[in-house]
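First comes the structure, then the notes that go with it.
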Amino acid sequence: MPFNSVLYLIFLVAAVTVYWLLPHGLRRVFVLAASLAFYASWGVIFVWLPLLVAGIVYLFGTRIQFDSKGARRWMWLGIGCVLSLLIVFKYRAFVLSNLNVVFAPFGTHSSSWVTAIAFPMGISFYTLEAIAYLVDVRQGRVKIPSFLDLCLFFLFWPNILSGPILRARELVPQLRFRKPFEPRFVFEGLDRVVWGLVQKNVVANMLGIWVDKGFAPAAGIPFTSDAWFLAIAFGLQIYFDFAGYTNMAIGAARLLGVTLPENFRQPYHAATPPDFWARWHMTLSRWIRDYLFFPVNARWHGAPVPLYLSLLGVMALVGLWHGAGWNYILWGSLHGTYLIAYRVYESWKTERPSSGDSWLAAGTWRLVTLVAVTAAWVPFRASTLSKAGIILSSMFYRLTSGRAYSAAFYVFTLVVLLFCALEPLLLRKLSEIEERAGTDGLSPFSIMGRPLAYACGLLLFLLFDEHNTQFIYSQF
Amino acid sequence: MMPDHNAIRSAARKAASAVARRPVKDSQRLVTSGLIDSLSVLKLISLLETTLNISIPPETLQPEDFDDIDLIVETIERVAKPAP
């Protein structure tokens with residue numbers, strides 16, 4: 001049941017209506033049942049998996065809290081258990097195919113059954129949440145919730161598929177569902193859901209049609225302008241796809257009165273590579289910072305060589321987390337390299353305070369960041385490293401003039417690009433209108449304008465439903 | 001010996017302003033607002049250790065423990081030990 005389907009919208013309306021009609025005492029059980037039903041719609045066979053993860057972290061979390069001497073050991077054991085599940089279900093084929101290459105001269109090969117197990121939706125996301133929970137318990141940041149609380153935390157349907165990646169301490173207290181109904185929950189929730197539908201079906205899926213053709217293994221060597229527009233179009237597609245999903249997740253939670261953290265802040269307006277990661281998939285960046293980058297570098301007090309090595313290693317792991325393939329590792333490593341380059345520049349600048357903050361340097365970094373991020377999307381999207389090499393070569397090295405793609409592709413990509421450029425301005429104007437209209441959700445703007453906007457959004461969603469495809473991040 | 005509360009607060013203000021490269025108010029969010037990043041938090045810890053002659057064990061900490069001056073003071077009083 002993908003978020004961008006009529007069936008899901010019926011499920012959402014029914015679940016939210018029943019939720020607000022139920023007495024407080026029954027809401028938790030109802031949301032858990034609805035979440036189980038939602039997750040089961042992706043495959044009944046895997047419903048036990050998030051429940052098992054909840055059981056593992058409940059068991060090890062309790063041991064961590066009550067056995068202070070062995071807390072560290074219990075934490076690592078718990079992390080090992082949840083990571084083992086992730087490796088078995090997500091990385092076994094990747095590991096085995098690489099082992100096959102290594103051991104091919106010895107005539108060994110893996111059985112096909114190990115690569116035939118299906119992929120459980122959302123496992124990469126709730127594994128990170130489970131690790132964060134165990135570390136937080138070890139650091140005394142979270143009190144052990146009940147097993148029901150943890151099941152709800154891992155299964156909460158608005159964010160189980162692809163985040164936002166949450167910490168138990170920010171979601172579990174909200175899952176008591178004690179808030180009384182407020183009209184603004186409906187308006188705020190529907191705003192995000194409808195906008196998310198438009199982002200996904202109208203923008204991301206339309207761009208996806210051209211991107212799929214351009215990145216297909218059989219596609220020939222593109223002209224330089226085609227290669228650049230393919231890379232830009234994929235950068236826009238993945239942004240609108242993932243931001244669309246996130247808006248729908250945040251909106252669904254808001255309809256229940258729950259607030260989820262934001263995941264995007266106009267990432268293509270980033271001024272530097274670190275700034276890009278402060279704006280792109282923000283809850284993943286926060287997880288990396290708190291549970292990987294900071295603990296590793298704190299041991300070395302931020303010394304340059306360990307810092308650079310950890311940036312490269314951590315970003316390669318981020319790539320691997322996205323997908324079991326060398327193209328993802330290359331994407332992560334490229335971002336690691338960008339971050340190192342910026343740190344080196346920063347250290348150089350700190351040693352020369354007289355160099356100041358020139359507008360030329362700031363503008364150059366802004367442009368370099370945009371180009372570097374766009375180039376890195378190529379290996380991320382390409383099915384093979386050789387395909388990525390062909391497109392990157394057309395972009396930077398083997399320059400050719402000509403255009404094989406339709407004018408519609410170029411115009412549509414430019415329109416979306418223009419929208420992204422104007423996004424901060426549009427958001428500011430929208431927020432000014434909202435402020436003038438009042439926040440109670442009962443202003444004339446809310447009563448007249450919003451239903452009209454929702455109707456237009458839903459009409460667009462239905463018109464473009466024929467191109468219905470999965471959200472890109474649901475494959476991770 | 002551990003420095004007193006006022007000394008820690010004063011050092012926290014100076015160190016936060018130094019890593020943020022601008023004056024920082026007590027209530028101002030440092031990490032969650034994006035004013036400083038995790039690397040600057042490591043610099044902040046080093047500065048505080050040197051100024052106050054203390055040791056801050058980083059294993060149990062997260063950048064948001066240094067999100068404002070009150071939190072910095074509270075974190076130091078909770079986890080810091082006199083430097084050996």
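The values are calculated or read from the model by the stated rules, or taken from the named source; none is laboratory data. On a predicted model such as this, the values are computed, not experimentally measured, just so you know. Quick reminder, even Gly has a Cβ in these numbers, built from the backbone with ideal geometry, and neighbours come from all protein chains shown.
Candidates are the residues of segment A:282-293 that are free of Cβ contacts under 8 Å to residues at least 40 places away in the same chain and of a type outside the set (A, V, I, L, M, F, W, C); the one that is surrounded by the fewest Cβ atoms within 10 Å (Cβ to Cβ) is A:SER285.
Restricting segment A:238-280 to residues that are without any contact (Cβ under 8 Å) to a residue 60 or more places away in the chain and in contact with a Gly (Cβ under 8 Å, 6 or more places away or on another chain) leaves a set whose member that is farthest from B:ASP37 (Cα to Cα) is A:ASN247. The condition (being surrounded by fewer than 13 Cβ atoms within 10 Å (Cβ to Cβ), charged (D, E, K, R) and within 14 Å of chain A (Cβ to nearest Cβ)) is satisfied by just one residue among B:GLU64, B:GLU49, B:GLU59: B:GLU59. Within segment A:392-400, can one find any residue that is under 24 Å from A:LEU236 (Cα atoms), in a helix (DSSP H, G or I) and under 25 Å from the mean Cα position of the chain (by Cα)? Within segment A:392-400, one or more residues are under 24 Å from A:LEU236 (Cα atoms), in a helix (DSSP H, G or I) and under 25 Å from the mean Cα position of the chain (by Cα).
Residues in segment B:70-84 that are of a type in the set (A, V, I, L, M, F, W, C) and surrounded by 21 or more Cβ atoms within 10 Å (Cβ to Cβ): B:ILE72, B:ILE76. Would it be correct to say that B:SER27 is of a type in the set (S, T, N, Q), surrounded by fewer than 21 Cβ atoms within 10 Å (Cβ to Cβ), away from chain A (no Cβ under 12 Å) and outside any helix (DSSP H, G or I)? Yes, satisfied.
I'd like to check something: does segment A:88-98 contain any residue that is surrounded by 12 or more Cβ atoms within 10 Å (Cβ to Cβ) and in contact with a Ser or Thr (Cβ under 6 Å, 6 or more places away or on another chain)? Break it down stepwise before answering.
Step one: of segment A:88-98, the residues surrounded by 12 or more Cβ atoms within 10 Å (Cβ to Cβ) are A:88-98.
Add one more test, that the residue is in contact with a Ser or Thr (Cβ under 6 Å, 6 or more places away or on another chain), and what stays is A:93, A:96.
Yes.
For segment B:35-43, the criterion of being part of a helix (DSSP H, G or I) and more than 14 Å from chain A (Cβ to nearest Cβ) is met by none of the residues. Taking the criterion of being closer than 30 Å to A:VAL13 by Cβ and part of a loop (DSSP other than H, G, I, E, B), the residues of segment A:143-163 that qualify are A:PRO145, A:SER146, A:PHE156, A:LEU161, A:SER162, A:GLY163.
Has segment A:294-303 got any residue that is assigned to a helix (DSSP H, G or I), more than 14 Å from every other protein chain (Cβ to nearest Cβ) and crowded, with 19+ Cβ neighbours inside 10 Å? No.
Rundown of residues vs (1) part of a helix (DSSP H, G or I); (2) modelled with pLDDT of 95 or more; (3) surrounded by fewer than 23 Cβ atoms within 10 Å (Cβ to Cβ); (4) basic (Lys, Arg), yes/no style:
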position: A:ARG141; (1), (2), (3), (4): no, no, yes, yes
position: A:GLU170; (1), (2), (3), (4): yes, no, yes, no
position: A:VAL202; (1), (2), (3), (4): yes, no, yes, no
position: A:ASP212; (1), (2), (3), (4): yes, no, yes, no
position: A:ALA227; (1), (2), (3), (4): yes, no, no, no
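On inspection, A:ILE447 fails the criterion of being surrounded by 12 or more Cβ atoms within 10 Å (Cβ to Cβ), at pLDDT 75 or above and part of a helix (DSSP H, G or I).
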